[in-house]
Amino acid sequence: MANDINQCSFTGNLVRDAELKYTNQSLAICNFSIAVNKKFKDKEYTSFFSFTIFGKFAEAVSQYLVKGLPIAVGAEAKQETWEQDGKNRSAIKFTVNSLRMFGNKGNGGGNSGNQGYNQNQGQQSGGNQGGFKSNNSAMDDFEDDIPF
């Protein structure tokens with residue numbers, strides 16, 4: 001089926017500061033992980049998920065993704081397979097389409113900032129939030145000055 005849905009949503013806290021790297025072709029890649037907590041009866045369970053952002057979107061948001069920051073992430077899941085030590089391995093990888101930060105870099109993850117970013121549509125999420133597009137023409141005009 002060509003029109004299957006592949007969209008996952010997560011809310012949690014960043015486990016550590018995001019890591020920004022570049023490929024040999026100068027493509028920006030931002031990697032980060034979040035902890036997602038769930039309380040069931042009298043126990044709390046924590047799951048950890050890793051995410052990747054590519055291109056200008058990665059450059060734009062990586063500096064704001066700091067340990068402890070609460071965020072919401074919209075992502076696409078992809079199963080990757082490889083062979084290691086003669087055994088077939090696989091892992092589910094998440095590529096970020098949109099994210100919302102609940103707090104900012106300077107306040108240790110408080111609720112004073114609430115910024116949303118959408119890589120695919122470039123739409124603002126909510127009242128005065130900023131947005132980013134993933135297409136090159138819109139990102140060429142991107143300035144390093146983010147209004148929050």
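Remarks
- Rounded to the nearest 10 Å², the accessible area of Leu20 at probe 1.4 Å: 70
- Whole-Hz couplings from phi, Karplus 6.51/-1.76/1.60, listed for the stretch 67-72; x for Gly and Pro: 3, x, 5, x, 9, 10
- Accessible area per residue (1.4 Å probe, heavy atoms of protein chains only) ranks Cys30, Cys8 as Cys8, Cys30, with the largest value leading.
- Residues in the stretch 24-44 reached by a label modelled at Gln84 [backbone nitrogen below 14 Å; 7 Å Cα→Cβ]: none
- Averaging the sequence gap over all C-alpha pairs within less than 8 Å and six or more residues apart, then dividing by the number of residues, gives the stretch 1-71 a relative contact order of 38 percent.
- Element breakdown for the stretch 10-71 at a 1.4 angstrom probe: carbon and sulfur atoms account for 49% of the accessible area.
- Against the criterion of solvent-accessible heavy-atom surface with a 1.4 angstrom probe, Asp17, Asp42 sort, most first, into Asp42, Asp17.
- Accessible area, probe 1.4 Å, largest first, for residues Arg100, Arg89: Arg89, Arg100
- Tensor-based shape of the stretch 3-78 (alpha-carbon gyration tensor, a/c under 1.5 rounded, otherwise prolate or oblate): oblate
- Built amide H within the under 5 Å cut-off of Val15, gap 5+: Ser33, Ile34, Ala35, Gly68
- Note on the stretch 1-100: dipole from Cβ charges, positive end direction compared against Ile29, Gly12, Gly55; the farthest Cα belongs to Gly12.
The values are calculated or read from the model by the stated rules, or taken from the named source; none is laboratory data. Only a predicted model underlies this, so the values are computations on that prediction, with no experimental measurement involved. When we count neighbours, we look across all protein chains shown, and the Cβ atoms used for this are built from the backbone with ideal geometry, even at glycine. The area values use the complete protein model at the heavy-atom level, side chains included, leaving out ligands, DNA and RNA. Shrake-Rupley method; radii C 1.70, N 1.55, O 1.52, S 1.80 Å.
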